[in-house]
Amino acid sequence: MRALRARTIGTITVVGWVMTAAGSASAGSHLWRFNEIFSNADGTIQFIELKESGGSATETQLAGKYVHSVTTGKQYNFPGNLSGNTANRHLLLATSGFAALPGAPTPDYIIPTNFFSLNADTLHYWTYSAAFMTYAPGAVPTDGVMSLSITGTTAVNSPTNFAGQTGSVNAGTCTDNDS
């Protein structure tokens with residue numbers, strides 16, 4: 001009888017542990033963070049790049065989540081969930097003007113022009129307190145080549161989409177002196 005009871009308790013313990021481990025591996029969406037933003041001078045060519053920041057393969061549950069600009073009030077609502085491994089992957093939200101440029105990786109999602117402000121703004125991803133990007137006036141380069149990273153540094157733009165395609169675009173305007 002004692003052996004049967006010990007075996008039953010052991011089985012219940014193992015089943016409980018397996019269920020707990022399975023629950024902790026469930027899909028989420030809370031590890032996406034802003035990585036890089038880019039704009040040309042008039043805001044018609046912009047991109048926002050998010051990156052999965054925790055190495056989690058299951059950050060797929062985007063349906064109903066959004067990216068929001070506090071200054072412009074514009075919001076992009078993700079239409080559905082992702083599929084596939086998300087570990088250290090990127091999401092590329094961009095205007096159609098960006099998508100038309102040579103060298104531009106295909107955006108994962110199309111956002112409206114002037115989605116974020118070129119002056120000062122705070123971008124939020126959903127309601128996650130750690131998923132925001134705030135910048136001051138003049139921080140976003142508008143030369144059509146440089147971008148702003150989450151660290152506050154600028155460098156040549158390097159957008160990457162979920163499929164891993166990366167590139168760089170030149171959205172600068174041509175002047176009479178450039179010819």
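For region 113-140, the set of residues classified as touching a Lys or Arg at 6+ places or on another chain (Cβ under 7 Å) and among the polar types (S, T, N, Q) is empty. Residues of region 37-71 that are under 20 Å from GLY144 (Cβ atoms) and either surrounded by fewer than 19 Cβ atoms within 10 Å (Cβ to Cβ) or touching a Lys or Arg at 6+ places or on another chain (Cβ under 9 Å) (or both): ALA41, ASP42, THR44.
Counting only residues that are open to solvent by 50 Å² or more (accessible area, probe 1.4 Å), of a type in the set (Ser, Thr, Tyr) and touching a residue at least 60 places away in the same chain (Cβ under 8 Å), region 147-160 holds 1 of them.
For every residue, the table says whether it meets (1) in contact with a helix residue (DSSP H, G or I) (Cβ under 8 Å, 6 or more places away or on another chain); (2) farther than 21 Å from ASP143 by Cα; (3) not in a loop (DSSP other than H, G, I, E, B).
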position	(1), (2), (3)
ARG33	no, yes, yes
GLU36	no, no, yes
SER39	no, no, yes
GLY43	no, no, no
GLY54	no, yes, no
ALA57	no, yes, no
GLY64	no, yes, no
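Taking the criterion of being among the hydrophobic types (A, V, I, L, M, F, W, C) and surrounded by fewer than 14 Cβ atoms within 10 Å (Cβ to Cβ), the residues of region 123-146 that qualify are ALA130, ALA136.
The values are calculated or read from the model by the stated rules, or taken from the named source; none is laboratory data. From a predicted model like this one, the values you see are computed outputs, not experimental measurements. Don't worry about glycine lacking a Cβ; one is built from the backbone with ideal geometry, like all the others, and counts go over all protein chains shown. Each accessible area value is taken on the protein alone, full model and side chains, heavy atoms only, with ligands, DNA and RNA left out. Shrake-Rupley method; radii C 1.70, N 1.55, O 1.52, S 1.80 Å.
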